[in-house]
Amino acid sequence: MTQLAPSLLSADFSDLASAIKKIETEGGSIVHIDVMDGAFVPQITYGQPVIKSIRKLTALPFDVHLMVEKPELMVDSFAESGADWITFHYESTVHIDRLIHHIHDLGKKCGISIIPSTPVSFLREILPLVDLVLVMSVNPGFGGQRFIPYTLDKIRELKKIREENLLSFMISVDGGINEKNYSEVAAAGADILVSGFAFFSGKLKWERPVE
């Protein structure tokens with residue numbers, strides 16, 4: 001069943017408690033938390049203290065999406081702050097295999113994310129190791145962007161690889177997910193839909209798409 005993971009990037013940062021309540025009451029299954037460092041992407045969002053402070057507000061799992069350089073230096077502290085899943089970018093570090101195993105050793109689920117220009121083929125060796133693949137359907141760094149159509153092919157490719165190789169990773173899609181396209185993205189193979197602007201603006205009224 002396709003799950004909704006609203007992104008706090010588009011929430012009112014001055015009232016995250018209300019944002020989390022909205023996620024709980026309007027169909028969200030996961031809280032997607034975009035951590036930006038101002039280097040890997042242009043903006044800076046929030047860090048470990050904020051995540052620790054909101055952890056007590058909900059029992060929903062936190063998927064902490066590290067849009068940062070050298071995530072290997074930060075995963076321990078984000079695990080301690082309350083992350084349930086830690087997702088880092090293929091493009092952000094060198095020793096990916098080592099980092100995946102380290103995140104699992106911390107008792108957390110591990111996700112790998114790719115930006116639109118990174119081919120799915122780059123992930124083939126590590127797909128058996130991860131719990132989640134996050135397909136960026138916009139160029140990361142800002143909320144409210146338009147969905148990039150060719151990323152649908154990447155979702156379909158990942159689904160095919162998963163089926164052919166009997167793998168178990170989930171497929172998450174982040175960027176430009178709205179009331180007009182979420183059913184199409186789910187039909188392509190997405191297990192998790194990350195929506196920020198459309199969800200918090202009230203335009204996306206969540207109903208599980210037909211799969």
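The values are calculated or read from the model by the stated rules, or taken from the named source; none is laboratory data. Since the structure is predicted, the reported quantities are computational estimates derived from the model, not experimental observations. Using ideal geometry, Cβ is built from the backbone for each residue, glycine included, and neighbour counts are taken over all protein chains shown. What goes into the accessible areas is simple: the full protein's heavy atoms, side chains included, and nothing from ligands, DNA or RNA. Shrake-Rupley method; radii C 1.70, N 1.55, O 1.52, S 1.80 Å.
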Solvent-accessible surface (1.4 angstrom probe) belonging to Tyr150, in square angstrom, nearest 10
120 Å²
Of every hundred units of 1.4 Å-probe accessible area on the chain, the number belonging to carbon and sulfur atoms, as a percent, is 52 percent
By a straight-distance test (C-alpha under 27 Å), which lysines pair with Lys52 as possible cross-link partners, with residues fewer than eight away in the same chain excluded?
Lys21, Lys22, Lys70, Lys108, Lys109
Keeping all protein chains in the complex and leaving out DNA, RNA and ligands, what accessible area do you get for Arg156 with a 1.4 Å probe, in Å² to the nearest 10?
110 Å²
Karplus (6.51, -1.76, 1.60) ³J(HN,Hα), θ = phi - 60°, over the range 32-41, in Hz, Gly and Pro reported as x:
8, 10, 8, 9, 10, 9, x, 10, 5, 10
Taking Cα pairs under 8 Å and at least six residues apart, what relative contact order does the chain come out at, in percent?
21 percent
Residues in the range 84-117 that a label on Asp153 would reach, taking backbone N under 20 Å of a point 7 Å out along Cα→Cβ:
114-117
Note to self: Kirkwood Rh of the range 87-211, Cα pairs, one decimal, Å, is 15.0 Å
Sort the following peptides by mean Cβ neighbour count (other Cβ atoms within 10 Å, averaged over residues), highest first: 13-19, 45-51, 3-9.
3-9, 45-51, 13-19
Calculated from DSSP helices alone, with each H run of at least 4 adding -39500 (n - 2.57) and the total divided by the residues of the chain, [θ]222 nm to the nearest 500 comes to -8000 deg cm²/dmol
